[in-house]
Amino acid sequence: FGLTPQQYNVLRLLEASESPVPTLTVATRLVSRAPDITRMLDRLEHDGYVLRTRSSEDRRAVLVSLTTEGRKMLDDIAEPLE
């Protein structure tokens, strides 16, 4: 599917969240440590799987959420496993 295990973990983490997640929270919740979370999120955003926005309460915080395309990717991955 063209995702690294860490990228897949990020998508699953975002899928489980009901609201956008701060970037630092994503980094701390990963099963295996990602040395460069920014670059990984850049790639996922470029591919259309995640959306990054600035927090309206704290402009320093970047929030990450799963896009419709990201949900579709997770569904496509899960489908052959069923």
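Meeting the requirement of 3 or more residues that are within 8 Å of the chain's Cα centre (by Cα), the helices (runs of 4 or more DSSP H) wholly within segment 1-50 are 5-16. Scanning segment 59-82 for residues that are closer than 12 Å to THR23 by Cβ and open to solvent by less than 100 Å² (accessible area, probe 1.4 Å) yields ALA61, VAL62, LEU63, VAL64, SER65.
In segment 59-70, the residues that are closer than 17 Å to TYR8 by Cβ reach residues that are at pLDDT 95 or above and of a type in the set (D, E, K, R) with C-beta atoms within less than 9 angstrom, at least six apart or across chains, in these pairs: VAL64/GLU45; VAL64/ARG52; SER65/ARG52; LEU66/GLU15; THR67/GLU45; GLU69/ASP47; GLY70/GLU15; GLY70/ASP47. Filtering segment 1-21 to residues that are of a type in the set (Val, Ile, Thr) and touching a strand residue (DSSP E or B) at 6+ places or on another chain (Cβ under 7 Å) leaves only VAL21.
Here is a yes/no grid of residues against (1) in contact with a helix residue (DSSP H, G or I) (Cβ under 6 Å, 6 or more places away or on another chain); (2) at pLDDT 95 or above; (3) loosely packed, with under 12 Cβ neighbours inside 10 Å:
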{"position": "ASN9", "(1), (2), (3)": "no, no, no"}
{"position": "LEU24", "(1), (2), (3)": "no, no, yes"}
{"position": "LEU30", "(1), (2), (3)": "yes, no, no"}
{"position": "GLU45", "(1), (2), (3)": "no, yes, no"}
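What about LEU51, is it touching a helix residue (DSSP H, G or I) at 6+ places or on another chain (Cβ under 8 Å), open to solvent by 60 Å² or more (accessible area, probe 1.4 Å) and at pLDDT 90 or above? Yes: the conditions hold for LEU51.
The values are calculated or read from the model by the stated rules, or taken from the named source; none is laboratory data. Remember, it's a predicted structure, so these values are computed and weren't measured experimentally. Because the Cβ atoms are built from the backbone with ideal geometry, glycine has one as well, and the counts that use them run over all protein chains shown. Calculation scope for accessible area: heavy atoms of the full protein, side chains included, ligands and nucleic acids excluded. Shrake-Rupley method; radii C 1.70, N 1.55, O 1.52, S 1.80 Å.
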